[in-house]
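Structure first, then comments.
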Amino acid sequence: MRFATRRRRQEEEAESAFVSMTDMTVSFLFIVMILLAFFASQYNDQDVVPRPVHDDVVRQRDAAKREVDRLMRAIAELQARIDDLGKTLSARDARIAELERQLAAALEKLKQRDPIEAYGARSAEARHQMIERLAAAVKEDIAREKIEGLDVSAQGDALRFQGSGLFASGQGGLSGNSLRIIRLLGEHLDGQLPCFTVGPRGDIKASCNPDLVLIETVQIEGHTDADSSQSSNLTLSMVRAMSAFGAIAPDVARDDAPPMLAFQNLLGQPVLAVAGYGEMRPIAGNDTPEGKAANRRIDLRFIMYVPPGRDLIPQTVQDIGRIRTELQRRRDQP
């Protein structure tokens, strides 16, 4: 009897526990159902992306990625270019620094240059400027007179006249337009020589000749083409040079001192001189009419004074008289 009572009590406790588990399971399922109902209520078919839109977005994304990759490569290339330019700039800076060093050394050397050499450099520069001024003036004359076939140019230490309008083949004397231009050259030369010469018409001033350079000779040179013999061409070139000399110094036949011959060098000699070279110094080929016309020319070559010693470099205008006397004394010594 006691056993049966205990058994019934155990069965009741087991049944009670089973009922509790069932209730919990049902409650859990009920909660799950409520959650599913909530999520179902939140569902909206508008949140779904259509396949074409999705594919288009994917294509745009891929294109954007490719563009980003391209830009990254371009940036890398630009960076490499910047690096190369940086190296080039560094090399250039180094070259500039080296040139500046060389320039400083050259300037220092210039300061220590032999005075005669320095004076010669200043003379060459003054000569260059004088020839350029004369060339510019004569070109204006040619343009104003509307002369064709005549050209004038500065050529180092010389003023050159050439062209088909200067001399015809075999012609010795200047005539027409060429004669008029050479006479105008004489007028321009007359305005330049005083400040670089001594003598009756010399007028050296520091204002127009700050380096006190002097002209030794203005040599009027005649030239020919290669037609005819060398001996006849030498004669012809002298005739051409004398014709130019007569146009530049038209008063040479007068008994008193002609104005152009009154420009003298330090030895008291007229700076104007004449030379003929025939065909020996061509500037173009003699196988074309144009080349021959170029070789039939007149050159005015400016030769500058070179001091034979440091004590004969003029430092002031007053030094020139002393130097002139000393040079003439040395010339006259037996």
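Yes/no matrix, rows are residues, columns are (1) on the phi > 0 side of the Ramachandran plot; (2) part of a strand (DSSP E or B); (3) crowded, with 17+ Cβ neighbours inside 10 Å:
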| position | (1), (2), (3) |
| --- | --- |
| R160 | no, yes, yes |
| F167 | no, no, yes |
| S178 | no, no, yes |
| G186 | no, no, yes |
| L212 | yes, no, yes |
| V218 | no, yes, yes |
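So, of the residues in segment 263-286 that are crowded, with 21+ Cβ neighbours inside 10 Å and within 18 Å of G170 (Cβ to Cβ), which turns out to be nearest to the chain's Cα centre (by Cα)?
E279
Does E148 satisfy the condition of being among the charged types (D, E, K, R), modelled with pLDDT of 90 or more and surrounded by fewer than 16 Cβ atoms within 10 Å (Cβ to Cβ)?
On the way: among the charged types (D, E, K, R): yes; modelled with pLDDT of 90 or more: no; surrounded by fewer than 16 Cβ atoms within 10 Å (Cβ to Cβ): yes.
Criteria not met by E148.
Given (1) at pLDDT 90 or above; (2) open to solvent by 60 Å² or more (accessible area, probe 1.4 Å), identify the lone condition not met by E77.
For E77, the failing item is (1).
Looking only at residues that are open to solvent by 40 Å² or more (accessible area, probe 1.4 Å) and without any contact (Cβ under 8 Å) to a residue 24 or more places away in the chain in segment 188-207, which one is nearest to A137 (Cα to Cα)?
This residue is G191.
Among the residues of segment 299-310, are any touching a strand residue (DSSP E or B) at 6+ places or on another chain (Cβ under 9 Å), assigned to a loop (DSSP other than H, G, I, E, B) and open to solvent by less than 50 Å² (accessible area, probe 1.4 Å)?
Yes, segment 299-310 contains at least one residue that is touching a strand residue (DSSP E or B) at 6+ places or on another chain (Cβ under 9 Å), assigned to a loop (DSSP other than H, G, I, E, B) and open to solvent by less than 50 Å² (accessible area, probe 1.4 Å).
Do we have D225 as touching a residue at least 60 places away in the same chain (Cβ under 8 Å), open to solvent by less than 30 Å² (accessible area, probe 1.4 Å) and not in a helix (DSSP H, G or I) here?
Yes.
Among the residues of segment 159-167, is there at least one that is in contact with a Pro (Cβ under 9 Å, 6 or more places away or on another chain) and basic (K, R)?
no
Quick grid of which residues meet (1) open to solvent by 80 Å² or more (accessible area, probe 1.4 Å); (2) in a helix (DSSP H, G or I); (3) over 30 Å from K292 (Cα atoms):
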| residue | (1), (2), (3) |
| --- | --- |
| A63 | no, yes, yes |
| T88 | no, yes, yes |
| E100 | yes, yes, yes |
| E108 | yes, yes, yes |
| L134 | no, yes, no |
| V152 | no, no, no |
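Considering each of Q102, Q10 in turn, give the residue that is at pLDDT below 65 and not aromatic (F, W, Y).
Q10
Among S164, S175, which is the only one that is among the hydroxyl-bearing types (S, T, Y) and in contact with a Gly (Cβ under 6 Å, 6 or more places away or on another chain)? Can you show your working first?
Numbers: S175 fails: in contact with a Gly (Cβ under 6 Å, 6 or more places away or on another chain).
Of the residues listed, the single one that is among the hydroxyl-bearing types (S, T, Y) and in contact with a Gly (Cβ under 6 Å, 6 or more places away or on another chain) is S164.
The values are calculated or read from the model by the stated rules, or taken from the named source; none is laboratory data. Note that the coordinates shown come from a computational prediction; the quantities given were computed from them, not determined experimentally. Ideal geometry is used to build each Cβ from the backbone, glycine not excepted, and the neighbour counts take in all protein chains shown. The area values use the complete protein model at the heavy-atom level, side chains included, leaving out ligands, DNA and RNA. Shrake-Rupley method; radii C 1.70, N 1.55, O 1.52, S 1.80 Å.
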